Every structure is written in C-alpha cells, then in structure tokens.
Amino acid sequence: MKTFIRLFCLLLALSLVLAPLAAFADDPWDESYYRAIDLSDGLSDEERADLDLFCIEIMKAHEADVVLLTITQEELAGAELSYVAKEYYNGCNFGYGDDKTGFMFVYDRDGKTAEFICFGGADKLVESSFFDFAEEAAPGYEDEYGTYGVMYSAAKLLSSYLDEHAGDVILTNEPPQARADGKPVWFPEDPDSFEFFSDPFAPRVVDWADIFSESEEAAMEERLGEIRNEIGRDIVIYTDKTDYGFGHDVCAADFYDFNGYGVGPDREGVCLYVCMDPDNRGWWACCTGPETMGLYTEEYANQIDDALYEYMVGGFYGEGVMDWIGNIRTLYVKGMPFAPDWYPDSEKAASFERFHDADAPRIVDGSGILTADEIASLEQQARALSEKYGLDVVINTTNDKGSLSYSEYSDKFYYYNGYGYGDDYDGIMLTLFKKPWYTPSARITAEGKGLEKLSDVNRQRLIDKTIDAAEDDRFYDALSGWLDQTDHMLKTGRVPQTITHWIGSLLGGSFLGSIFAAVGLGRAKSKMKAPATKMTASDYLVPGGLSVEDAGTQFLNTTTSKTYSPVTKSSGGGGSSGGGRSSYSHSYSGHSSSSHSGSGRRF
C-alpha cells in the first residue's frame, strides 16, 4: 500500500509541474511526466533530466516510448517488476501513438535484477533475445558507474539495437500474412543485392506451424543459446505451414541466409526446417560453412534423420527436435552424431596420448545384463587369466555401437579407456552388443600377447561360442565360457569346435547319405516294369471296390497374401524421400547463391 500511495503522490506532483508543457504538445505522446522515475534515490536531478532527454530522443527517432524506473525491495512490497511497470506506464499515460507503443526498463537496486516490458506494438520492433541480453548486461554497470550507469546503458543498448535494425522484419512466433507476391515476409525484395549480416538477437526458434508448446520453445531457445556459447556454432529451428513453392531445401537455406544466422565469416551453423503442409509434409536440415558441411556426411545425415523420423511420424515434434539438437551438438563436439559417452571430443582425440589405467573396471556391463554377483565372479575369473598369462583380460557389454561399426567400437573402447599391459598394451577384450529385442553380436579386440594365438579361426570360434549362449539369454554362461575358451586358446593355441559345428557336420553327413540313397532308389525304379496302359479310367476300377458320396462343401480357412512395396529414394531434392533413406545434397544453393549441404525426408 505504501508504494502505491507514494506513486499517487508522485504522479500528482509531476502532473502539477509538467502539465503546462503538455498543453502545447500536438505530438502522438504525452510529456507530462519524466521518462526517468527514481524510487530508489539513486539518481541526481541532473542525471534524471539527462536520462529523460535521451528517452525522448529515442522515442522521436523510432516512434516508441522509452521509460526507465529504479525501485527497491521495500517499494516493491512483494510485487513483480512487470506489475509495477504496468501501473506506472498506464498511470502516467506513457506510450507512442494510438496503441501506446513503448518499452519500460525496471531495475531493482536491492536485488540487482532488471526487466524490460513491452507495450503496444513494441514487441514487433525488437527480438525477444535482445531483452535477455540487456537485462543481464545493464546491471553490471552499477559497480563502476552507479545507478545512472545501469539506466543509461539499458537505454543505450535499446537505442543501438533500434538504430541497427530499423525497418527489419522482426521474427516472432506469430506468423504474419504472406506478401502479395506469395513470398514470406522475411524474403528480401531484391535477393541479388542482399548483403549478409549477423543478428545475435534473432530468435533461434521460429514456430510458425505452431507444433511446439511454449515450454518446449523456451527450452529449445535456452539450449541453443548454451550450445552457441559453448562451441561457437549456430543451430536454428524454423517451422511453417508452407514452403512458399521453394522446396524444403531452398526454404531452409533462404531462411538461414536472409535472417542473420550463422557464426563467423563462413556463417557456420545448421537450420532445421519443418514443413507442416499436409500435402508436402517433411523436413530439411540445411548446413552452412565448410566445417559444418564437412561433418554432415550422407552417412551421418541418414543416422540423424533416422532418429528424428521416429519422433515425427509419432507426432512428438518437440521431443524429436530436442533430440535432434543434441545429436547435432554431438556431431560438432565429437565428429559423429551418436558417439559413446567415453569417446573423447574431437580436439582431445586429436591430441590423445595413450595411457594405462590399472583401476579401470575389467568387466563393464553397459547393457545391464549381469547381476552384481555375476560381475564379481567374472572379474575374479578375468583377473586369474591376467595373472596367469601376463596380459589384460577385459569384457565389455553395450546396448548400442552409436555411429561406429562393431569393430570400431570394440577397438576404440580398448584404446581410449587405458587397457593393455606394458609398451605393447598386451591384452584381449570381448565386446558383446546386446540391445533389447535384438540379436546379440560380438567382437574381439587384442593387442601384443593377446594377438599371438588369436588366429582368424580361433577368433571366429570364440565369437560363435559366445553368441550361441547369448542368443538364449544365458549371458553369464556366454561370458564365463568366453573366458574359459580364451584360457584354452592361450594354453593350447586352439579353440575347439562348437557343438553347433558338430551338429551341422552330422546333419551334413545325413544330407549326403540321403542324396546317395535317392540316386540308388532312382536307379532301382528305372529297372521296374511299368503297368499296362488302359484305354479309359474306368478300366482301372475293381468292380464294387469304390463308393463315392456327396458330403457337401465345407469352407475350411483363408490365406491372405501381402506384397512388400519398398520405399525408394527420390532423385529430387527438398526432402522428398520416405522413411527409408534421406534425400541428401552435398552442395546446393538457395536464392542467395550461398553454398549449403543438407538432407531431409517426408513424413
């Protein structure tokens, strides 16, 4: 209550002092009150007057009012900054024009927090991300320049932004009407004379198809900002209900090119465009810059699109795009979209120096198929082998190989995790790949002493024996058996044949016997006499030996035939393939003639 009593008194006093000035004003704004309101006693009269003149100057230049307010926690009395701002803005008749367009900057001196609030059409003049930047930057000036420094910097940042972006189309999540020529509002009037620019305040999520919730958009914007700060690369999400006749690929490229996206002189980054036209639904990921285009190979494009496709066909658009964002970040950081957690970043991999880690676990159950007791038993068995033969013995299970091949995964896991004894990194490791509902697979990595008796035949027999048990979900038996067979190989130099092999040999012998028997039977039949030929069918009947009656007709069952029609890859661009593989372009350009690569699919 104290705050608003003081507010009423302040407004009354200001109106008595300044009302005569307003009587002579024919401008579309009311100058009855100062644009600098100081409820924290942090400004001198001269500073307040200076700020007032600066705010009026900005308003005249950009047809938007600018108001600055300082306040304390006592004056707030528990109210939100935005609530107090609205009370002052409306109570003092601030604003430019009929819709009272304007900005109000409120600074809480006690909490060192600030907020910009838009009125009228002000939100169409400034990107929302500018406010996040200014609200964080301006309070930082108080330590050196006092309250005046905070207020002046807020007004100066706003003025500079409006000067730089005067006349620009400000992208918001409210899709505007298309132009008379059918092109989007962000498309330049003359693409041939367009000059590239960088806009750090442009939104990185523009959802004109309205497929994300507000919380999803906010989460995406926050994550994209973190990634941009972390790795210096731009990732942009754009959805629309049409591609304006451009095609998915060109629409994605044009949106990225013409709206100030990209980092550095090569404008490095990726734009994911999702078209929700019912007759043309699909997406396209447009890559810009030599580094990004080099990383986004056709193989990786298909892997990333495979993951996104499952979300999109299920209608989980927000979850799918957030997952896609994470995969693109991993591609930038690790050089592949689905690298394992233990796989080093690209920079670390380039300078990686191999090491020995005696404390690393020798039984790593990444797929969670073993109990604690089983892991302990296998560790004891592996340790005994290591001591017996003087080499490292390791078992690793995993659900997924990521973007690596099975052999690459196994070899790199051994290499990057400190396994192996001595200078030659002596050791042998089994990697069992077991994903739920999928057939298991296995690979063996060996170095130094581990390779001495691991012939191709022994390697295959070890794998076959492991898979035979793992296919029946006898995972402990499979891994313990591998250790036993490895012991046998290291001791004797050979791995015995599997039971499956002996059964196959037995069946093979039976099959050959059947062939010889059939040949012999054929020869015998050829020597048998054929029966005499009769003139009619009735001549073969024995009188009274056959009786035929009408038993009626019974419909027993049906057989349904299905024909598989494979999805074929389209030769055209614009994300026109189905769920099988992506359309991929190594190099193409939009209306700006800038070079891009990318991929996309229909869904």
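The values are calculated or read from the model by the stated rules, or taken from the named source; none is laboratory data. Note that the structure is predicted; figures quoted are calculated from it, not measured. Counting neighbours? That spans all protein chains shown, and the Cβs are built from the backbone with ideal geometry, glycine included.
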Members of the range 372-385 found to be more than 38 Å from the chain's Cα centre (by Cα) and either buried (at least 18 other Cβ atoms within 10 Å of the Cβ) or touching a residue at least 40 places away in the same chain (Cβ under 8 Å) (or both), listed by number
SER377, GLN381, ALA382, LEU385
Given the condition under 30 Å from THR292 (Cα atoms), outside any helix (DSSP H, G or I) and modelled with pLDDT of 95 or more, answer yes or no: does some residue in the range 388-399 qualify?
yes
ILE369 meets each of (1) part of a helix (DSSP H, G or I); (2) surrounded by 16 or more Cβ atoms within 10 Å (Cβ to Cβ) with one exception, condition (1)
Quick one: count up the residues across the range 57-94 that are farther than 16 Å from PHE119 by Cα and surrounded by fewer than 24 Cβ atoms within 10 Å (Cβ to Cβ).
12
I want to confirm something. Restricting to the range 400-409 and keeping residues that are closer than 17 Å to ALA470 by Cβ and surrounded by 17 or more Cβ atoms within 10 Å (Cβ to Cβ), which single residue is modelled with the lowest pLDDT?
LYS401
What pairs come out if I take residues in the range 44-55 that are touching a residue at least 24 places away in the same chain (Cβ under 8 Å) and pair them with residues that are part of a helix (DSSP H, G or I) and of a type in the set (Gly, Ala, Ser) whose C-beta lies under 8 Å away, six or more apart or interchain?
LEU51/ALA155; PHE54/ALA155; PHE54/SER159; CYS55/ALA155
Qualifying residues in the range 320-366 (those that are farther than 30 Å from GLN380 by Cβ and charged (D, E, K, R)) - the one surrounded by the most Cβ atoms within 10 Å (Cβ to Cβ):
LYS334
Looking at the range 191-242 only, could you name the residues that are in a strand (DSSP E or B), closer than 13 Å to GLY262 by Cα and touching a residue at least 40 places away in the same chain (Cβ under 8 Å)?
ILE235, ILE237
Taking interchain pairs and intrachain pairs at least six residues apart, which have beta carbon atoms under 7 angstrom, with the first residue in the range 578-603 and outside the structural domain of PRO278 (by TED's automatic domain parsing) and acidic (Asp, Glu) and the second surrounded by fewer than 24 Cβ atoms within 10 Å (Cβ to Cβ) and modelled with pLDDT under 95?
none
Meets criteria (touching a helix residue (DSSP H, G or I) at 6+ places or on another chain (Cβ under 9 Å), within 15 Å of ALA360 (Cβ to Cβ) and of a type outside the set (A, V, I, L, M, F, W, C)) for TYR421
yes
Would you be able to tell me the number of residues in the range 400-421 that are part of a loop (DSSP other than H, G, I, E, B) and hydroxyl-bearing (Ser, Thr, Tyr)?
3
Go through the range 434-487 and report how many residues are touching a residue at least 60 places away in the same chain (Cβ under 8 Å) and among the hydrophobic types (A, V, I, L, M, F, W, C).
4
Examine the range 259-280 for a residue that is assigned to a helix (DSSP H, G or I) and either closer than 20 Å to PRO188 by Cα or of a type in the set (Val, Ile, Thr) (or both), and state whether such a residue exists.
no
Within the range 111-134, the residues that are at pLDDT 95 or above and acidic (Asp, Glu) are GLU115
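One line per residue, one yes/no per condition, for (1) in a strand (DSSP E or B); (2) surrounded by fewer than 18 Cβ atoms within 10 Å (Cβ to Cβ); (3) touching a Pro at 6+ places or on another chain (Cβ under 9 Å):
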residue	(1), (2), (3)
PHE116	yes, no, no
ALA155	no, no, no
SER160	no, yes, no
LEU171	no, no, yes
LYS183	no, yes, no
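Tell me, which residue of the range 39-65 that is among the charged types (D, E, K, R), more than 18 Å from LYS156 (Cβ to Cβ) and not in a helix (DSSP H, G or I) is nearest to the chain's Cα centre (by Cα)?
Within the range 39-65, the subset among the charged types (D, E, K, R) is 41, 45-48, 50, 52, 57, 60, 63, 65.
With more than 18 Å from LYS156 (Cβ to Cβ) added as a condition, the list becomes 41, 45, 63.
Right, trim to not in a helix (DSSP H, G or I) and you get 41, 63.
On the way: ASP41: 49, GLU63: 41 Å.
This residue is GLU63.
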Is it true that some residue in the range 139-156 is of a type in the set (Val, Ile, Thr) and either closer than 23 Å to ASP243 by Cα or in contact with a Ser or Thr (Cβ under 9 Å, 6 or more places away or on another chain) (or both)?
yes
Check whether at least one residue in the range 415-431 is at pLDDT 95 or above, more than 28 Å from ALA372 (Cβ to Cβ), in contact with a Lys or Arg (Cβ under 6 Å, 6 or more places away or on another chain) and of a type outside the set (D, E, K, R), and report yes or no.
no
Could you tell me which of the residues THR431, THR397 is buried (at least 16 other Cβ atoms within 10 Å of the Cβ), in the same structural domain as THR445 (by TED's automatic domain parsing) and touching a Phe, Trp or Tyr at 6+ places or on another chain (Cβ under 7 Å)?
THR431
Determine whether ALA178 is on the phi < 0 side of the Ramachandran plot and modelled with pLDDT of 95 or more.
no
Restricting to the range 71-90, name every residue that is touching a helix residue (DSSP H, G or I) at 6+ places or on another chain (Cβ under 6 Å) and either part of a helix (DSSP H, G or I) or closer than 15 Å to MET151 by Cβ (or both).
GLU75
Among (1) over 26 Å from GLY167 (Cβ atoms); (2) outside any loop (DSSP other than H, G, I, E, B); (3) without any contact (Cβ under 8 Å) to a residue 60 or more places away in the chain, which single condition is ASP249 missing?
(3)
Which condition from (1) part of a helix (DSSP H, G or I); (2) touching a Gly at 6+ places or on another chain (Cβ under 7 Å); (3) surrounded by fewer than 21 Cβ atoms within 10 Å (Cβ to Cβ) is the one that ASP424 breaks?
(1)
